[in-house]
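The structure appears below as structure tokens.
The values are calculated or read from the model by the stated rules, or taken from the named source; none is laboratory data. Predicted model only: the values in this text are computed from it and were never measured. Here the Cβ is made from the backbone with ideal geometry for all residues, glycine too, and neighbour counts use every protein chain on show. Note: accessible area is taken over every heavy atom of the protein model, side chains too, but ligands, DNA and RNA are not part of it. Shrake-Rupley method; radii C 1.70, N 1.55, O 1.52, S 1.80 Å.
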Amino acid sequence: MKILVYSAMNAETVVQNFGEPEYSYYFVLREFMPLLQQLGEVQVIEAPATEVDPLYRAATESGQPCVFLSFSPPHLTCLDLACPTIPVFAWEFNSMPNETWWPDRPELDWRESLQQCNGAIVHSQQSADAVRELMGDSFPVVAIPAPLWDRMGPAREHLRGANDPGSEVIEVAHGALFDTHDPDLTRWLPTEQDIIRAVAEARGEIPVDHNQGFRRAPKSAARITLEYLVAGYQQVLSCRVPDTWRPRLDRWAVQSDPWQPGRRQLQLSGVVFTSLFNPLDGRKNWIDMLTAFCTEFRDEPDATLVFKLGHRRQEDAVQHILMVLPKLGSFRCRVVLVSGFLENDAYLDLLNGSHFAVNTSHGEGQCLPLMEYLSCGKPAVAPRHSALADYINEDIAFVVDSSADATAWPHDPRIAYRTLRQQIDWSSLCKAFRAAYECYREDSEHYQRMSRAAVKRMQQHCSIAIAKARLEPLLQQLLERTPA
């Protein structure tokens, strides 16, 4: 079988578009590649409208079955192709678009889009049920989470041989780092006037002025000189200075302007809760996470929350979070914001240095970072809704309560309430944080049971073997329906 695959992003463009809509489809395609390569000859497509059908005709003429998997939502899938087409997409709501808001864009009604496809692959049972509700029970659809469990095997081995969590120094190759245990942090926080202005801009009472931000605090001439020297060291002298100089220069680099992208070092401590997300995606609901953590652990200096932020506009992302911190009053727990790229070893160090993965989203299509952490035996603090309902339970997570809440489809400019998301129960989140903290501190046997259960649970949820068992019948059904 010849399998043609497409994602709007590739390894090069995803970096420039990190955090933008549909960027995650590239990562999903990457996770599916080892599975697809077991099932046939895989070819990556860059321009579906011009490439797919010629390749399809060439394959069929040689007697080779051919299918096109488009890693994109239905309304962005290339339609009207001769080649059998299957969109592979994530969806976090209980219903799918069944109307269009532009007369000349009928594909926005997903019934119109999917009618021109030969089936669909989604990543959760909720999404599969929504497709059947939209298209009828006879429409071929299967729920297959991204099969990443096998890829995390080396990471699991790395963790087994690593030091105790919290003992690593994590190297951030090129990014910003803010730490509430840094006594110098207050000079980078917004003032009362900054907050007043931001609220007025958000309400439309005054025009937005990006030059009035708070990203810089006044600096002395000595500070500016030091930062220029450090920048010079990092860019020019890193290969030439004596090794005995490096620790001191590295320490100065860490202490320089946190807004300037550069090499950073992070030493974690205490009980570490980590969340990886796009901070400009409102569905991730980081405000509940931050406020609940800082309230519950106001007097716990050894409770640490790490936000690993993923978005190309890192200044906007970080500023939104920094704007909230002064409103929380004093707290002794630790909050760390890391924005920037982590090399593989640094990512593994962060994973090993974390005790729990945290998710407080309003809905998930599958949540790759949470699946990765669970696959490596890190229990979670998370709700059990949308795609998370397929794998989160009390054996592997401290479950957060939630309830249905009306909302709009994310790409609907009318912001018309047509579907449901889940609203986190804030008090339940506080209790889940506390229960996780006490579990690690006081019941190591229970924590280890949860860790082992998480690895096993994810093997049953997102391994290549599980995905293959679900995908092969769909492809076989497709071939039986396709005329020779």
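Scanning segment 130-141 for residues being over 14 Å from Trp91 (Cβ atoms) and either open to solvent by less than 30 Å² (accessible area, probe 1.4 Å) or assigned to a strand (DSSP E or B) (or both) gives a total of 3.
Tell me, please, whether a residue that is over 23 Å from the mean Cα position of the chain (by Cα), among the basic types (Lys, Arg) and more than 25 Å from Arg283 (Cβ to Cβ) can be found in segment 111-119. No, segment 111-119 contains no residue that is over 23 Å from the mean Cα position of the chain (by Cα), among the basic types (Lys, Arg) and more than 25 Å from Arg283 (Cβ to Cβ). Could you say whether any residue in segment 467-484 is open to solvent by 60 Å² or more (accessible area, probe 1.4 Å), without any contact (Cβ under 8 Å) to a residue 40 or more places away in the chain, of a type outside the set (D, E, K, R) and not in a loop (DSSP other than H, G, I, E, B)? The answer is yes; a qualifying residue exists.
Taking the condition of being at negative phi and touching a Ser or Thr at 6+ places or on another chain (Cβ under 8 Å), how many residues in segment 263-274 meet it? Selection size over segment 263-274: 6.
Could you say whether any residue in segment 208-224 is open to solvent by 90 Å² or more (accessible area, probe 1.4 Å), in a loop (DSSP other than H, G, I, E, B) and either modelled with pLDDT of 75 or more or in contact with a strand residue (DSSP E or B) (Cβ under 9 Å, 6 or more places away or on another chain) (or both)? Among the residues of segment 208-224, not one is open to solvent by 90 Å² or more (accessible area, probe 1.4 Å), in a loop (DSSP other than H, G, I, E, B) and either modelled with pLDDT of 75 or more or in contact with a strand residue (DSSP E or B) (Cβ under 9 Å, 6 or more places away or on another chain) (or both), which makes the answer no.
Please determine whether any residue of segment 422-430 is hydrophobic (A, V, I, L, M, F, W, C) and in a strand (DSSP E or B). Yes, some residue in segment 422-430 is hydrophobic (A, V, I, L, M, F, W, C) and in a strand (DSSP E or B).
Residues of segment 311-348 that are of a type in the set (A, V, I, L, M, F, W, C) and surrounded by fewer than 15 Cβ atoms within 10 Å (Cβ to Cβ): Phe341 alone. Within the option set Gln43, Gln64, being in contact with a strand residue (DSSP E or B) (Cβ under 6 Å, 6 or more places away or on another chain) and part of a loop (DSSP other than H, G, I, E, B) holds for one residue only, Gln64. Of the residues Glu205, Glu296, which single one is open to solvent by 30 Å² or more (accessible area, probe 1.4 Å) and modelled with pLDDT under 85? From the options Glu205, Glu296, the qualifying one is Glu205.
Of the listed requirements (1) open to solvent by less than 20 Å² (accessible area, probe 1.4 Å); (2) without any contact (Cβ under 8 Å) to a residue 40 or more places away in the chain; (3) under 30 Å from Pro97 (Cα atoms), Trp409 misses just one: (2). Pairing residues of segment 35-55 that are modelled with pLDDT of 95 or more with residues that are among the small types (Gly, Ala, Ser) and exposed (fewer than 14 other Cβ atoms within 10 Å of the Cβ), at Cβ distances under 9 Å and at least 6 apart in sequence or on separate chains, gives Val52/Ala82; Asp53/Ala82.
Going through Asp104, Asp109, Asp164, Asp150 one at a time, which residue ends up being at pLDDT 90 or above and closer than 30 Å to Ala453 by Cα? Result: Asp150 is the single residue among Asp104, Asp109, Asp164, Asp150 that is at pLDDT 90 or above and closer than 30 Å to Ala453 by Cα. Selection over segment 82-128 of residues that are under 16 Å from Val141 (Cβ atoms), of a type in the set (Gly, Ala, Ser) and open to solvent by 10 Å² or more (accessible area, probe 1.4 Å) gives a count of 2. Identify, from the list Leu148, Leu159, the residue that is farther than 25 Å from Thr100 by Cα, of a type outside the set (Lys, Arg) and not in a helix (DSSP H, G or I). Matching residue, one of Leu148, Leu159: Leu148.
With respect to the conditions (1) of a type outside the set (Lys, Arg); (2) closer than 30 Å to Leu309 by Cα; (3) not in a helix (DSSP H, G or I), His75 falls short on a single one, namely (3).
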